[in-house]
Amino acid sequence: MTPDSSRDYIESGLAVLGLDAGDDEIAVIQAVHAIYGPPLDALLAEGFDGILHEPGADMSEPPRTDSER
Amino acid sequence: MEFLDLPLREQAAAIAAGDADPSEVLDAALRRIEERNPAVNAIVETFEDESLRMLAEAPRGPLYGVPVTIKDEWPLPWRAERLGAAQHIGPPPQPCESGPYRALRDAGAVIVGVANMHEYGSGSTGHISAYGAARNPWDTERSPGGSSSGPAAAVAARLVAGAVGADGVGSIRYPAAYCGLTGLKPTFGRSTMLGHHVPQTTTIVSGPLCRDAADCRLLGGVLFGEVLGDSQVDGMRIGVVPGELWDDCQPAVVEACRESLDALRGATGASVSDVEIEGREHILIASILVGQTEDLAHVTPERIEALGEDVSLVARALLRYRMLIPAVAIAKAGEVRTLVRRSLAELFERVDVLAWPTVAAPAPRLDDTSVELPSGTYPADYVNPRQGGIANLAGVPAISVPVGRSPEGLPMGLQLIAAWGRDELLLDAAEALERVNERRWVDAAPALASV
């Protein structure tokens, strides 16, 4: 995403939500997206095929084994 | 050495033995805050009347009469949390008895003040706060870490010997590392979270920030509602993950952490082996996506628009940015979580703890919170979750232990991570590290605290 296209995305996305943003806020968002955009894109590109979902995951406990599902 | 310079457990023991008058201790703590706090901005509010009342009503618990502080993330019966921010997003919260407050009260502790924090808990540096930045007692031009910036600065400056923070993406461990303290992120759900403003969280935990592991054991036990036992850790199996968790850190940090692990290996017969974590390449973004969207349920465009300019530009921008995150990204972060949890469960069959630096570089400057790493220069906020986010993503406990000081004199920390429910093992391992380092790093105090 180029800086121009990211600005378009940010402004149009916020507009859809009814949110305004000044130039300063847009600049901060663009700077943040420049940093987090690549790992976000890498995540979005993952298909995660074949991963067994952890139903009712309890973060205080290890995941249940397949035999416990 | 003055009474307030004693570790938390020694303060408690002295008061319990009648060797110290808790009312005099409270008075001394308030005076020390008055004298030293302007330099570190750790404590944002004191309330002598409430502290006196707590002392008057204090039961003879394990922390009877001991002064402590609590992060501005936790409500008190006389003061709602403000989250280090000038405005709340949505209806303002009400004062109430939060779980940490009740735990401290029931232990007989005396809350002497509320501690500073990074605005809305949205940063690992503490340099943005409606109260002004908290400052690192080791160098007041530098960050004390965040978002539990005030708790760490307060303990490092010896204003108090124990503080209660909160850790959603490393917010106890980063300040511990930056300020030369021991900070425990408990197993998810093991410490009290009653009254927290994100009750639906699956990442945030309350936890202790103290000088050393024994003090964390004491304060952690108070927050857990149980006495935490201890044991020896001879023959511990330590797993290290090759790659950026070690390689993309400043050389001084790597050297200090490796030396401590080598010393631990020599003293306890611990073994160190290379391991890998599935999904590791996505942990940074996944932990941020999960941790920074859990509290969005109450956020609306109208409420964001209502935030005035006394809320930081960064906060106003980040709230807007978070509204644009694709839902599919959150779903995929959940898959990373599943992968990581299964991988860790398998790993902890083969190793007892995982180890890597808590943060890749020592505390950055407050006026420029970027850090220089072998791979480049980045905001500390971007890099820190790479090191710490996994514990919150998975729910496992993690601890930061001070292991050295950089050439600039700044503290450095080693992070240990254990399996669910093995918080005590982390404390045992941390104590072993303290012993092999001859307590050099946990007993050291910055010049500001040696006055």
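Any read-out appearing in this document is the output of simple, stated calculations on the displayed coordinates, not a laboratory observation. If you're wondering where the values come from, they're calculated on a predicted model, not measured in any experiment. Here Cβ is always computed from backbone atoms with ideal geometry, including for glycine, and neighbour counts include all displayed protein chains.
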For peptide B:314-325, how many partner chain Cβ atoms fall within 10 Å of a residue's Cβ, on average?
-> 6
Label B:Ala327 and B:Ala447 with points 7 Å out from Cα along Cα→Cβ: what is the distance between them in nm?
-> 5.7 nm
Table column - 3J(HN,Hα) (Hz), the stretch B:142-156, Karplus curve with 6.51, -1.76, 1.60, x for Gly and Pro = 10, 6, x, x, x, 8, 7, 5, x, x, 5, 4, 5, 6, 5
Using 1/(1 + (r/R0)^6) with R0 = 35 angstrom and r between the beta carbons of A:Ile35 and B:Ala39, what's the FRET efficiency to the nearest 0.05?
-> 0.60
The distance between the Cα centres of the stretch B:365-441 and the stretch B:188-258, in whole Å, is 9 Å
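In the neighborhood of B:Leu184, defined by Cβ-to-Cβ distances under 13 Å, what is the net charge if each Lys or Arg adds +1 and each Asp or Glu adds -1?
So the environment of B:Leu184 carries a net charge of -1.
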For B:399-410, what's the mean count of beta carbons from other chains sitting within 10 Å of each residue's beta carbon?
-> 0
Potential extension, B:Ser231-B:Ser271 segment - 0.36 nm per residue separation minus Cα distance | 12.6 nm
Any idea how far apart A:Ala15 and B:Ala13 come out in nm if each label point goes 7 Å out from Cα toward Cβ?
-> 6.8 nm
For peptide A:47-53, compute the average count of partner chain beta-carbon atoms within 10 Å of each residue's beta-carbon.
-> 4
Sorted on mean Cβ neighbours within 10 Å (highest first), peptides B:371-380, B:404-413, B:153-162, A:38-47 come out as B:153-162, B:404-413, B:371-380, A:38-47
With charges only on Cβ, +1 for K and R and -1 for D and E, what is the dipole size of chain B about its Cα centre, in debye, rounded to 20?
-> 640 debye
Does the stretch B:161-224 come out rounded, prolate or oblate, given a ≥ b ≥ c as the square roots of the eigenvalues of its C-alpha gyration tensor, rounded meaning a/c under 1.5 and, failing that, prolate meaning a/b above b/c?
-> oblate
Peptides B:80-88, B:55-63, B:384-392 ordered by average Cβ neighbours within 10 Å, highest first = B:384-392, B:80-88, B:55-63
Karplus-derived 3J(HN,Hα) from phi for the stretch B:255-266 (6.51 cos²θ - 1.76 cosθ + 1.60, θ = phi - 60°), whole Hz, x at Gly and Pro, runs 4, 5, 5, 5, 4, 5, 5, 5, 5, 5, 4, x
Note on the stretch B:1-65: alpha-carbon gyration tensor, axes a ≥ b ≥ c; rule is a/c under 1.5 for rounded, else prolate if a/b larger than b/c, else oblate; result oblate
Of the DSSP beta bridges with both residues in the protein assembly as shown, give the percent that are antiparallel, rounding to the nearest 5.
-> 70 percent
Relative packing of peptides A:19-31, B:136-148 - highest average C-beta neighbours within 10 Å first = B:136-148, A:19-31
